[in-house]
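The values are calculated or read from the model by the stated rules, or taken from the named source; none is laboratory data. The structure displayed is predicted, hence computed values, not measured ones. In this analysis, Cβ positions are derived from the backbone assuming ideal geometry, glycine residues included, and neighbour counts consider all displayed protein chains. Please note that ligands, DNA and RNA were not included when accessible areas were found on the heavy atoms of the full protein model with its side chains. Shrake-Rupley method; radii C 1.70, N 1.55, O 1.52, S 1.80 Å.
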Amino acid sequence: MHSPKEFVALSVAGGMLLWGVMMVNGTLDGISAVAQTGSFPDGRLLRTVYTGFPLVDEGFSKVVVFFDLLCNTQADAPKWLFFHLCNLVGAMDTWVLIESRRRGVRNLFLRHTIIFIFLWNLAGAAFITPIYFYLICRSGHTTRDPTIPLNEARGFPPTVVANALFPLLLFVPALDNWHPYDHQGSIGLYHLSPMLMIITVVLCSRPGTSLTVFESPKDLKAPNKDAPWVVGSLLATGLISAAVHLYIVSKVLTSADVTLSQLFWPSLERVFTASRGSYEALLEGAHLFTQLDAWVVSVACIVFTNHLLQKATPTKSRNTMQDVWKNILGTLCLGPGAAGSFALAIREGRLRDATYI
């Protein structure tokens with residue numbers, strides 16, 4: 001089965017929608033102005049030093065401006081959607097981490113997934129994620145050997161928890177009224193979460209190995225010992241994502257100040273009606289960015305997980321459209337992170353022919 005070309009179209013659409021719209025509506029210019037002046041339109045100061053390297057700090061300051069707008073806002077819709085999107089990104093981090101640890105992986109880009117995770121945190125998930133999903137779907141790593149060293153598989157559950165907690169670096173300081181300088185430092189720390197994820201899985205996979213042997217040897221008599229850990233991690237990811245999605249939806253449905261359409265449905269009108277360069281215009285522009293990001297990434301997740309599910313299913317047993325509709329329904333009810341995680345858990349059973357159960 002060839003990798004679906006939809007990923008290329010989604011990546012192009014993501015890049016054009018995210019960055020094209022930001023340039024047209026003035027949000028990108030507004031964010032650049034805040035980074036240059038070191039001050040938000042509402043008077044709050046921007047931290048401008050993070051690494052001590054001026055060129056790096058100048059570019060990263062613009063990222064911090066974007067994240068700060070969405071974390072500190074008193075408006076519910078931008079804040080809740082951004083939290084939802086950060087949770088989805090955490091779920092995707094777990095998916096690609098699991099794929100990267102399979103013994104059949106030969107491609108260095110697939111093995112060292114941290115590079116792409118850094119990129120989609122900085123450049124927009126809608127632009128980068130479809131490219132990486134495309135590379136995974138093209139790979140024959142699961143055909144060669146879908147198993148994962150047992151010690152590494154045991155490191156997945158604590159890593160799932162870590163990925164679920166990383167977004168708190170963005171939102172807890174805002175809820176606790178931290179000083180802007182400290183909160184923006186915490187935003188900077190959040191962007192180290194890909195590295196922290198790798199550190200977590202490495203530390204938690206070391207028990208059972210030695211200083212000279214970094215992975216558990218494959219047990220030829222019971223090659224699927226790792227499968228319960230993989231499936232359990234995917235199910236846990238799905239449950240966490242579903243809980244976040246349902247919590248946010250319930251908060252919106254019981255709120256008199258925000259609606260589901262304001263949360264998820266992109267609206268150019270709100271950006272253009274705000275005074276250009278104002279705090280409201282910057283916030284609405286950032287919110288529009290996350291809305292477009294969420295839509296493209298959600299579609300990419302459906303295509304990605306369904307493709308992998310079909311690829312792991314014997315030809316005679318495939319029911320492509322039924323799986324697609326189940327995935328779409330799961331996405332609508334539980335969110336893309338949950339639906340995708342549950343689909344990948346089912347796929348794992350098909351990869352191993354359910355011999356581990």
- prompt: Which value, in debye to the nearest 20, describes the size of the charge dipole of the chain about its Cα centre when Lys and Arg Cβ atoms bear +1, Asp and Glu Cβ atoms bear -1, and nothing else is charged?
  reply: 1560
message: Mean-square fluctuation check for the chain, GNM, Cα pairs under 10 Å: which of LYS311, LYS326, LYS62 is largest?
response: LYS326
- prompt: Along the charge dipole of the chain, Cβ charges K/R +1 and D/E -1, which of GLY15, SER39, SER267 sits furthest on the positive end?
  reply: GLY15
message: For a quick check, take a GNM of the chain with Cα springs below 10 Å and name the residue from SER100, SER261, SER298 with the largest mean-square fluctuation.
response: SER261
- prompt: At what distance in angstrom do the alpha carbon centres of segment 84-107 and segment 1-73 lie from each other?
  reply: 24
task: Quick one: angle between helix 336-351 and the longest Cα principal axis of the chain, in degrees between 0 and 90, rounded to 10, please.
output: 10
- prompt: HN-Hα J couplings of segment 81-98 from phi, Karplus 6.51/-1.76/1.60, θ = phi - 60°, integer Hz, Gly and Pro as x?
  reply: 5, 5, 5, 4, 5, 5, 5, 4, 4, x, 5, 5, 4, 5, 4, 6, 4, 4
task: Relative to the longest principal axis of the C-alpha atoms of the chain, give the angle of the C-alpha long axis of helix 6-15, reported between 0 and 90° and rounded to the nearest 10°.
output: 20
- prompt: Cα convex hull of segment 167-294: mean projected area in nm², to one decimal?
  reply: 12.5
message: Can you tell me which of MET197, MET16, MET321 moves the most in a GNM of the chain? Springs connect C-alpha atoms under 10 Å apart.
response: MET321
message: Using 20 Å bins from zero, what percent of all Cα-Cα pairs in the chain falls into each bin?
response: 29, 56, 15, 0
message: Rounded to the nearest 10 Å², what accessible area does HIS245 have for a 1.4 Å probe in the complete protein model?
response: 10
field: Debye log10 I(q)/I(0) at q = 0.17 Å⁻¹ for segment 288-350, Cα point scatterers
entry: -0.54
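R0 = 56 Å: FRET efficiency of GLU58 with ASP219, Cβ-based, nearest 0.05?
Computed FRET efficiency for GLU58 and ASP219 comes out at 0.60.
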field: Taking segment 163-296 and dividing mean pair separation by its residue count, relative contact order in percent (alpha carbons under 8 Å, at least six apart)
entry: 13
- request: Relative to the longest principal axis of the C-alpha atoms of the chain, give the angle of the C-alpha long axis of helix 27-37, reported between 0 and 90° and rounded to the nearest 10°.
  value: 70
statement: Taking protein heavy atoms only, a 1.4 Å probe, and rounding to whole percent, the accessible area of segment 235-357 owed to carbon and sulfur comes out at 65
